[in-house]
Structure formats: C-alpha cells, structure tokens
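Below is one structure, written out as structure tokens; the observations come after it.
We did not get these values from a lab; they are worked out from the coordinates using the rules stated. Given the structure is predicted, the values throughout are model-derived calculations rather than measurements. Glycine gets a Cβ as well: all are built from the backbone with ideal geometry, and neighbour counts include every protein chain shown.
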Amino acid sequence: MARHKEVKNVMEDYVWELLPEVMKKYPHACKCDTCLADIAALALKSLTPKYVVRTNGEIISKTLDLPQFTVSVLMELTKAVEAVLKHPKHENNA
Ligand SMILES: [Zn+2]
C-alpha cells in the first residue's frame with residue numbers, strides 16, 4: 001500500500017542543518033559518517049521530537065526556528081559532539 005502521507009520529525013532537519021555550525025567549533029573532531037550520524041542520534045534523543053504530517057514530497061516551511069529552539073538544538077549538539085569525541089564508535093569498525 002502506497003502511503004501518500006508521511007510522518008516526519010522535523011527536529012531531524014534542524015539537527016542536520018545546525019550540525020556543521022557546531023562542528024566548526026571542533027576542527028579536530030572526526031567527521032566521518034559514523035561519528036556525524038552518532039552525534040545527530042544522540043542530540044535527537046535529548047530533544048523533544050516535533051512531528052508533522054506531510055504529503056509526499058511536500059516541503060514543510062520552517063516555522064520552528066525560534067531563537068530559543070535553535071539554542072537548545074545547538075546545546076544538545078554540543079553535548080553530543082563532546083560525548084562522541086570521548087567515545088568514538090568508528091574505532092570499533094576500523
Ligand atoms: Zn569517526
């Protein structure tokens with residue numbers, strides 16, 4: 001059955017959008033796919049999800065970019081970067 005509606009956590013978009021900003025402050029941090037995905041996942045765990053329903057392919061206008069909201073995403077991302085820096089998972093796979 002084809003689904004025409006999609007439930008999406010827009011928080012994911014924010015995390016990925018703000019991640020490069022946070023990584024700029026950590027030039028020595030590993031930026032491999034494993035670490036970046038790990039950082040995003042960790043940050044998302046601590047952030048309240050914001051779900052929207054959208055029709056296939058529809059672009060959701062970003063109505064959530066309140067300053068305080070951005071600040072909490074940046075804060076959780078910073079914590080996540082530091083956690084991953086201390087215990088990078090990629091070493092297990094290398
Ligand atoms: Zn890595």
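Would you mind ranking 52, 15, 10 so that the residue whose beta carbon has the fewest other beta carbons within 10 Å leads the list?
52, 10, 15
Of 25/45; 8/86; 5/79; 50/86; 50/89, which pairs sit farther than 25 Å apart, going by alpha carbon to alpha carbon?
Violating the 25 Å limit, Cα to Cα: 8/86; 5/79; 50/86; 50/89.
Would you calculate, for the chain, the mean residue ellipticity at 222 nm contributed by helices, counting each DSSP H stretch of 4 or more residues as -39,500 (n - 2.57) and dividing by all residues, to the nearest 500?
Computed ellipticity for the chain at 222 nm equals -18000 deg cm²/dmol.
Please give the net charge around residue 76, taking every other residue with its beta carbon less than 14 angstrom from that of residue 76, where Lys and Arg add +1 and Asp and Glu add -1.
Computed value for this residue: -2.
Can you give the FRET efficiency to the nearest 0.05 for residue 78 and residue 58, using r as the Cβ-Cβ distance and R₀ = 35 Å?
For R0 = 35 Å, the calculated efficiency reads 0.65.
Residue 87 to residue 34: extension gain in nm, 0.36 nm per residue of separation minus the Cα-Cα distance?
That pair, residue 87 and residue 34, stretches by 17.9 nm at full extension.
Helix 33-46: angle to the longest alpha-carbon principal axis of the chain, degrees 0 to 90, nearest 10?
60
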